[in-house]
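Some notes on the structure that comes next.
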Amino acid sequence: MMKKLDNENIIKRVYTSIKERVITCSFPPGDRLNIEQLAELLRVSPTPVRESLNRLVAEELILMVPRMGFFMKSLVESEIRDLYEVNQILLDWSVCAVRKGHLKGGDVGFPEMSLIMEKLVEPQRLSAHCVVRYTGELFSHLASHSGNSEVDLRVRNINDRLHYVRLCECEMMDNPAEVIAPLYQMYDGVCYEDLRHGLRSYHEDRLSLLRSVLKARRYSPQVVGEEFGV
């Protein structure tokens, strides 16, 4: 029993560690993920690494090319646009669902909302990582209280898949916290119609900025795997 728990803890640790590196693009887009090297880096056997990579493939965070291995995905404009558009639709639906319950963030299990709001309006500039984390937490909270588990899972997955793009966006802004703070205030103030408009504007702005973000990063528009016929 203890051995089984130890194995589960190892797999969880390995998965979390690799996933964090993937969503922050610690491995360059298009790079092959070497199982043996990752196992050595994390001081584990190749088995939990392989299991973790297969899980990340299922979550569409990386690619598996038959007979070639696992690869980081490239940043592709059309795919990122699709993710933003789907995210906006899901969040709009979530706001409407939450509105039916007439609840605000603090009333539905978001006790840290006040602290986050204070940090977002502080004079000193928040790091891009903090802003991205707070953005994801707001979106996930909305989705988790929509009453639809599929919406919740989808929004959380999109948070992961857009994580690096959001980091890049924040680095191009003078004060990215100013973009997220009003959304928190609308949610906390039960201003649901304003929140719907705010979320729509947020996603429209992200789409208008996307090409500049990708150009600044100089990533190829080709999807990893296309050259292999995947």
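Please work out which one of (1) assigned to a helix (DSSP H, G or I); (2) more than 30 Å from Ile11 (Cα to Cα) is the condition Asn54 fails and give its number.
Of the numbered conditions (1) assigned to a helix (DSSP H, G or I); (2) more than 30 Å from Ile11 (Cα to Cα), the odd one out for Asn54 is (2).
List the number of the failed condition for Met173; all other conditions in (1) closer than 16 Å to Tyr84 by Cβ; (2) of a type in the set (A, V, I, L, M, F, W, C); (3) surrounded by fewer than 19 Cβ atoms within 10 Å (Cβ to Cβ) hold.
(1)
Among the numbered conditions (1) loosely packed, with under 14 Cβ neighbours inside 10 Å; (2) at pLDDT below 95; (3) touching a helix residue (DSSP H, G or I) at 6+ places or on another chain (Cβ under 9 Å), tell me where Glu36 comes up short.
If we test Glu36 against (1) loosely packed, with under 14 Cβ neighbours inside 10 Å; (2) at pLDDT below 95; (3) touching a helix residue (DSSP H, G or I) at 6+ places or on another chain (Cβ under 9 Å), just (2) comes out false.
If you check His163 against the conditions, is it within 20 Å of Tyr202 (Cα to Cα), in contact with a Ser or Thr (Cβ under 7 Å, 6 or more places away or on another chain) and surrounded by 15 or more Cβ atoms within 10 Å (Cβ to Cβ)?
Against the criterion (within 20 Å of Tyr202 (Cα to Cα), in contact with a Ser or Thr (Cβ under 7 Å, 6 or more places away or on another chain) and surrounded by 15 or more Cβ atoms within 10 Å (Cβ to Cβ)), His163 qualifies.
Looking only at the range 183-201, filter to residues that are surrounded by 17 or more Cβ atoms within 10 Å (Cβ to Cβ) and without any contact (Cβ under 8 Å) to a residue 60 or more places away in the chain; which one of those is farthest from the chain's Cα centre (by Cα)?
Checked the range 183-201; the qualifying residue farthest from the chain's Cα centre (by Cα) is Met186.
Does the range 21-36 contain any residue that is more than 25 Å from Leu153 (Cα to Cα) and β-branched (Val, Ile, Thr)?
yes
The values are calculated or read from the model by the stated rules, or taken from the named source; none is laboratory data. All of these numbers come straight from a predicted model, not from anything done at the bench. Here Cβ is always computed from backbone atoms with ideal geometry, including for glycine, and neighbour counts include all displayed protein chains.
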